[in-house]
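The next block holds one structure in the form of structure tokens; read it before the comments.
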Amino acid sequence: MFDSLFQEISKTILLDINDKTLCKQFFETVSVNRNTIIEDQEKIPTFLYFIDTGFMRLFYYDENGDEVTTYLCSPGGFIASFLNLINQNPAIENVECITDCQLLKISRQNLISLIDKSENFKKFSLVIFEKVMALSQIRANDLATLTAELRYKKMIAEQPHLLQNIPIQYIASFLGIKAQSLSRIRRQIIL
């Protein structure tokens, strides 16, 4: 499981033996069943998760009690209610395993220790934070400027693996539309 984490990190930062040893010291392995919420909205987040296998999402309940998916994550990705984890505020989102997942998790406290002990992890944590902020901004821009059909086509082009592994209702919610509307869009694209 650590090999996947090291591969992902090495796309950005080269880790030395000491970094890998620290990583193994601070990260824990965990298996989680599908449809399990592992961090609850309105509670202070505890962990940052790395997905070895499986698919996860961030979502919240709106004022009508409907689920709104704000982030979808696949193997090789990191997930948490990021800003709330960093600032230790109650989360506005739940963290859920959509499928059975094999994860590595690190507590906020251990993450801080790891960053303090490794310059490489300090650099990598900044890269992850920048990516999360950029993805959030891109999603906001897409929701504001693209039609539902164009948002779906963009997902087909950029993240087809999500469409093959995540239920349609979560895809629709992430795209900012109802599942029925997404079904109609899909039929039109196929025709």
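The values are calculated or read from the model by the stated rules, or taken from the named source; none is laboratory data. Bear in mind the structure is a predicted one, so any value in this text is a computation, not a measurement. Here the Cβ positions follow ideal geometry from the backbone for every residue, glycine too, while neighbour counts run over all protein chains shown. Calculation scope for accessible area: heavy atoms of the full protein, side chains included, ligands and nucleic acids excluded. Shrake-Rupley method; radii C 1.70, N 1.55, O 1.52, S 1.80 Å.
Picking from residues in the stretch 16-50 that are touching a Cys at 6+ places or on another chain (Cβ under 8 Å) and either in a loop (DSSP other than H, G, I, E, B) or more than 24 Å from Ser173 (Cα to Cα) (or both), the one that is most open to solvent (accessible area, probe 1.4 Å) is Arg34. In the stretch 1-13, of all residues being of a type in the set (S, T, N, Q) and not in a loop (DSSP other than H, G, I, E, B), the one that is modelled with the lowest pLDDT corresponds to Ser10.
Out of Leu103, Leu114, one residue alone is more than 29 Å from Lys178 (Cβ to Cβ) and in a strand (DSSP E or B). It is Leu103. Just one of the listed residues (Leu85, Leu162) is modelled with pLDDT of 90 or more, assigned to a helix (DSSP H, G or I), open to solvent by less than 50 Å² (accessible area, probe 1.4 Å) and touching a Pro at 6+ places or on another chain (Cβ under 9 Å), namely Leu85. Out of (1) under 23 Å from Lys11 (Cα atoms); (2) at pLDDT 95 or above, what's the single condition that is false for Ser118? That leaves (2) as the condition not met. The one condition from (1) under 22 Å from Gln41 (Cβ atoms); (2) open to solvent by less than 70 Å² (accessible area, probe 1.4 Å) that Met133 does not meet is (2).
Every condition in (1) under 19 Å from Leu104 (Cβ atoms); (2) in contact with a helix residue (DSSP H, G or I) (Cβ under 7 Å, 6 or more places away or on another chain) holds for Val68 except the one numbered (1). For the stretch 51-69, give me the residue count where each residue is surrounded by 18 or more Cβ atoms within 10 Å (Cβ to Cβ) and under 18 Å from Ser173 (Cα atoms). Selection size over the stretch 51-69: 6. If you go through the stretch 101-124 one residue at a time, do you hit one that is loosely packed, with under 14 Cβ neighbours inside 10 Å, of a type outside the set (Lys, Arg) and within 17 Å of the chain's Cα centre (by Cα)? Looking for residues that are loosely packed, with under 14 Cβ neighbours inside 10 Å, of a type outside the set (Lys, Arg) and within 17 Å of the chain's Cα centre (by Cα), one finds none in the stretch 101-124, hence no. The condition (being among the aromatic types (Phe, Trp, Tyr), over 25 Å from Asn18 (Cα atoms) and in a helix (DSSP H, G or I)) is satisfied by just one residue among Tyr60, Tyr152, Tyr71: Tyr152.
The residues of the stretch 170-183 that are touching a residue at least 12 places away in the same chain (Cβ under 8 Å), out of contact with any strand residue (DSSP E or B) (no Cβ under 7 Å at 6 or more places or on another chain) and either on the phi < 0 side of the Ramachandran plot or not in a loop (DSSP other than H, G, I, E, B) (or both), listed by number, are Ile171, Leu175, Ile177, Ser181, Leu182, Ser183. Criterion applied to Asp66, Asp62, Asp52, Asp16 was being modelled with pLDDT of 95 or more and acidic (Asp, Glu), and the one residue passing it is Asp52.
Being open to solvent by less than 60 Å² (accessible area, probe 1.4 Å) and at pLDDT 90 or above holds for only one residue in Leu150, Leu143, Leu175, and it is Leu175. Determine whether Val132 is modelled with pLDDT under 90 and part of a helix (DSSP H, G or I). Spelling it out, Val132 is indeed modelled with pLDDT under 90 and part of a helix (DSSP H, G or I).
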